[in-house]
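The numbers here are math on the coordinates, done by the rules we state, and not lab data. Source: prediction; values computed, not measured. Ideal geometry is used to build each Cβ from the backbone, glycine not excepted, and the neighbour counts take in all protein chains shown.
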Amino acid sequence: MKHIIENYQNIKSLIPQHVELVAVSKTKPAEFIKLIYDEGHRVFGENRVQELIEKYKILPKDIRWHMIGHLQSKKVKHIAPFISLIHAVDSIKLIQTINKEAIKNNRTIDCLLQLHIAKEESKYGFKKQNIDDVLSQIKNLQLKNVRICGVMGMATFTSDLNQVRSEFKNLKQIYDLLKRDHLPEISIISMGMSGDYSLAIEEGSNMIRVGSSIFGIRN
Ligand SMILES: *Cc1c(COP(=O)(O)O)cnc(C)c1O
């Protein structure tokens, strides 16, 4: 457990100032979170709604919680009152639900569009070839209580770093096109995890989601 603070400080020292570190605390206890909270860290990522809510309840209220995993529409209501950023918006239905729940809570919820950049079919996210269509649909809906802040993607789970790099390049290109053609206000590219965050930063990431390199491997 004492390595957590060292790991955290090490990663902080390795990444540029403009890159936001999301400390991915899924499956890890609240006391682990508290260790780097006490070092001044405030941004934590979880991928399960139930676990996120339990941690939200017991931990300090100035933590900015990010939902990084696949989110079912029916569960949005549980996190809508407090969530700081939803990374994995992967359907029109989901963004409509987020908007509806945001209205109920009288707030605007920040979101990222998840793009499918990996080879594996199993990964969630919009496809590059559909993105123009998706954006015009979203625009037509005039969702006033969601703010699309950028994009998120996960590379293929592979040791082939050239493959990973080209997928990150691809996400950066999609981001650039989205910003140019649809959403000039976006600013976030969420890509990179424990195994590939330096590569992701080289390819333009400004938000990395790091779990095991801080908190240790998960069971
Ligand atoms: C678990 C998870 C991470 C962190 O993975 P590590 O390899 O432990 O850093 C990042 N992003 C998402 C979407 C995750 O589910």
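Where in region 3-90 are there trypsin sites (Lys or Arg not before Pro) that are in a DSSP coil and have at most 11 other Cβ atoms within 10 angstrom of their Cβ? Could the numbers behind the result be given before it?
On the way: sites: K12, K26, K34, R42, R48, K55, K57, K61, R64, K74, K75, K77; in loops: K26, R42, R48, K61.
When the trypsin sites (Lys or Arg not before Pro) of region 3-90 are filtered for loop state and at most 11 Cβ neighbours within 10 Å, K61 remain.
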**Complete:** Any residue on another chain or 5+ positions along whose placed amide H is under 5 Å from the amide H of R64 is listed here as V43, F44
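Which whole-number percent gives the relative contact order of region 93-219, counting Cα pairs below 8 Å spaced six or more residues apart? Intermediate values should be presented prior to the final figure.
Details: 178 pairs, mean separation 27.3, N = 127.
Computed over region 93-219, the figure is 21 percent.
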**Prompt:** Quick one: what does P(r) look like for region 93-219 with 10 Å bins over all Cα pairs, in whole %?
**Reply:** 12, 40, 32, 14, 1
**Request:** Past 21 Å, Cα to Cα, is the threshold; run K75/K172; K93/K169; K55/K77; K55/K75 against it and keep the listed order.
**Result:** K75/K172; K93/K169
**Prompt:** Can you give the Rg to Rh ratio for the chain, taking only C-alpha atoms and Rh from Kirkwood?
**Reply:** 0.95
**Request:** With N set to the residue count of region 73-116, report its C-alpha Rg divided by 2.2 N^0.38 Å to two decimal places.
**Result:** 1.04
**Request:** Let me know the longest stretch in the chain that avoids all GluC sites (Glu not before Pro) found in a DSSP loop with at most 13 other C-beta atoms within 10 Å.
**Result:** 40-119
**Item:** Of every Cα-Cα pair in region 133-177, the percent that sits beyond 12 Å
**Value:** 70 percent
**Alpha carbon centroid spacing (whole Å) that separates region 145-212 from region 56-109** = 21 Å
**Prompt:** What trypsin sites (Lys or Arg not before Pro) in region 113-155 are in a loop by DSSP, with at most 12 other Cβ atoms within 10 Å of the Cβ?
**Reply:** K127, K144
**Asked** Nearest 20 debye, what's the magnitude of the dipole of the chain about its Cα centre given +1 on Lys and Arg Cβ and -1 on Asp and Glu Cβ?
**Response** 760 debye
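How about region 127-198: which chymotrypsin sites (Phe, Trp or Tyr not before Pro) there are in a DSSP loop, with at most 11 other Cβ atoms within 10 Å of their Cβ?
none
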